1. Being aliphatic (A, V, I, L, M), under 21 Å from I15 (Cα atoms) and under 11 Å from the mean Cα position of the chain (by Cα) is true for just one of I85, I52. Which residue is that?
2. I85 fails exactly one of the following numbered conditions: (1) aliphatic (A, V, I, L, M); (2) in contact with a helix residue (DSSP H, G or I) (Cβ under 8 Å, 6 or more places away or on another chain); (3) modelled with pLDDT of 95 or more. What is the number of that condition?
3. Would you confirm, using the coordinates I've provided, whether A65 is surrounded by 17 or more Cβ atoms within 10 Å (Cβ to Cβ), touching a strand residue (DSSP E or B) at 6+ places or on another chain (Cβ under 6 Å) and either under 22 Å from Q101 (Cα atoms) or without any contact (Cβ under 8 Å) to a residue 12 or more places away in the chain (or both)?
4. Counting only residues that are in contact with a Ser or Thr (Cβ under 9 Å, 6 or more places away or on another chain) and within 21 Å of P114 (Cα to Cα), which one in segment 44-62 is surrounded by the fewest Cβ atoms within 10 Å (Cβ to Cβ)?
5. Given the conditions (1) at pLDDT 95 or above; (2) among the acidic types (D, E); (3) within 20 Å of I75 (Cβ to Cβ), which single one is not true for E147?
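The values are calculated or read from the model by the stated rules, or taken from the named source; none is laboratory data. Small disclaimer: the values here were computed from a predicted structure and weren't measured. Ideal geometry is used to build each Cβ from the backbone, glycine not excepted, and the neighbour counts take in all protein chains shown.
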Amino acid sequence: MKMKATESAQMDKKISKYIKAQTALTMATSLDSIPYCATCFYAYIEEENLLIFKSDAETKHIADALSNNQVAGSILVDKTEIGKIKGIQFNGTFLTPKDTQLKDAQKAYYFKYPYAAAMKGDLWAIELTSVKFTDNTLGFGKKLIWEKIIDSPY
């Protein structure tokens, strides 16, 4: 089933439920045509379609994303049974949360990972712009697709 978001359409609940249930994402960056990946624990703010994660500003993936904010990634669950495989592939825009968005990010992230408050690093966000959810429990290779519709000034 391919579902494209409209201005009033929400992400399919199967997708958001899966994102909320997982704990780690892999973020891919690219700078000067050199790709790089990093795995991070995350929290999800469903209302804003934001993935929140903590990482040190000195890491390669953060430095890359600050230079090129277009990122991609995946969210997988470790399953060996083909019929139960589920996973997300996403594209998004890397953000530095500020003000109210930072407060919301802190609340979501530290609620999910209270011990992380004592760890070095800053909170960052990825605003999801497209998601492809593969869910073999719905049928082999079944995919649900969501894309953010960007308002045109014209």
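1. Values: I85 fails: under 11 Å from the mean Cα position of the chain (by Cα).
Only one candidate passes the filter, namely I52.
2. Here I85 clears every test but (3).
3. Details: surrounded by 17 or more Cβ atoms within 10 Å (Cβ to Cβ): yes; touching a strand residue (DSSP E or B) at 6+ places or on another chain (Cβ under 6 Å): yes; either under 22 Å from Q101 (Cα atoms) or without any contact (Cβ under 8 Å) to a residue 12 or more places away in the chain (or both): yes.
Yes; evaluated as a whole, the condition is true for this residue.
4. Quick first cut of segment 44-62, residues in contact with a Ser or Thr (Cβ under 9 Å, 6 or more places away or on another chain) only: 44, 46, 49, 60-62.
With the extra rule that they be within 21 Å of P114 (Cα to Cα), the set shrinks to 44, 46.
Working: Y44: 22, E46: 14.
That would be E46.
5. (1)
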